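The values are calculated or read from the model by the stated rules, or taken from the named source; none is laboratory data. It should be emphasised that the depicted structure is a prediction, and the values quoted were computed from it without experimental measurement. Note: ideal-geometry Cβ built from the backbone for every residue, glycine included; neighbour counts use all protein chains shown.
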Amino acid sequence: MIQVLDVTSDCNYYSDCISAESKSLEIQAESNTVRTLRIPPAVETRQFGCIDELKGEEFMSAWADCYRRHFHLWSIGIRRSDISLRNLMYDRATKRGILSDLDLNVARSPGSLTPCGKNRTVTVPFMALDLLTQDYYSEKITHLYRHDVESFIWVLPYVLLRDTNPAVVDSWNTGRFYLCEFGKEMFLRNLHWYQEARPPNDHPWTVGYALVKWLCDKRRSSTDARLVDNSDSVYDLWNDPSMDAARKIFHEVEDLL
């Protein structure tokens, strides 16, 4: 059952109400009640802020909160339509991460296919590379869990490297998907150039760098397997819409946090 809360009447609700903590997270969707959060604008500005207001470890912790809450929602069939700084937020009192605008989600059975193309709201700078194509806009590509994971990962260099390499991440901030795709492909190709960030983001970026490298390696392995027409475990996992595949990908990312 999905219970929508208005924080004007329930201001003690935070993201940790919707899932178990940290790496031992195991979901039993049938018995869960998920409390999603709709934030009126006046309350949003008073009590909540975008996670990029935070620095260093506090930012990384709030990001991880949002990532884990997202998986919990996905596991019970609630699909986000957008991962961006606009809706990755934190509670200013507790510094815990929350997901806002959950009323924009689409409810589906766990493991079912998610609509693509016109049936979604997106923010280009954080979109998965596979979706920055005309095929996606033409509704030829199915939205998978790993696309949202990739969006979460793109948030990390965008925030953590802005002080060190502002021109690089600012180039993704365009409404033209092909320009964003080119900029992010160049970033992955030259990832070794971006191993350092300025304090206080230097330590969180060691984790961010590891996650971006994981993404780069996954994409390369999947592409290589597809080009040689070989059924490879990475390729199969990367393109599997099932909840089992989503769970494996979730835990692979958790292992790097």
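Which members of region 44-76 meet the condition of being under 17 Å from the mean Cα position of the chain (by Cα) and in a strand (DSSP E or B)? Within region 44-76, 50 is the sole residue that qualifies.
Considered as a group, the residues in region 79-94 that are buried (at least 20 other Cβ atoms within 10 Å of the Cβ) and aliphatic (A, V, I, L, M) include one that is nearest to residue 127 (Cα to Cα), and that residue is 83. Of the residues that make up region 195-214, is at least one hydroxyl-bearing (Ser, Thr, Tyr) and closer than 16 Å to residue 128 by Cβ? Looking through region 195-214, none of the residues is hydroxyl-bearing (Ser, Thr, Tyr) and closer than 16 Å to residue 128 by Cβ. Answer with yes or no whether residue 121 is surrounded by 15 or more Cβ atoms within 10 Å (Cβ to Cβ) and either at pLDDT below 95 or touching an Asp or Glu at 6+ places or on another chain (Cβ under 8 Å) (or both). For residue 121, the condition - surrounded by 15 or more Cβ atoms within 10 Å (Cβ to Cβ) and either at pLDDT below 95 or touching an Asp or Glu at 6+ places or on another chain (Cβ under 8 Å) (or both) - is not met.
Residue-level analysis places residue 46 outside the set of residues that are surrounded by fewer than 20 Cβ atoms within 10 Å (Cβ to Cβ), in contact with a strand residue (DSSP E or B) (Cβ under 7 Å, 6 or more places away or on another chain) and at pLDDT below 95. Exactly one residue out of 155, 149 is in contact with a strand residue (DSSP E or B) (Cβ under 9 Å, 6 or more places away or on another chain) and either free of Cβ contacts under 8 Å to residues at least 24 places away in the same chain or in a helix (DSSP H, G or I) (or both), and it is 155. Among the residues in region 128-137, are any more than 18 Å from the chain's Cα centre (by Cα), assigned to a loop (DSSP other than H, G, I, E, B) and surrounded by fewer than 19 Cβ atoms within 10 Å (Cβ to Cβ)? Checking region 128-137: at least one residue is more than 18 Å from the chain's Cα centre (by Cα), assigned to a loop (DSSP other than H, G, I, E, B) and surrounded by fewer than 19 Cβ atoms within 10 Å (Cβ to Cβ).
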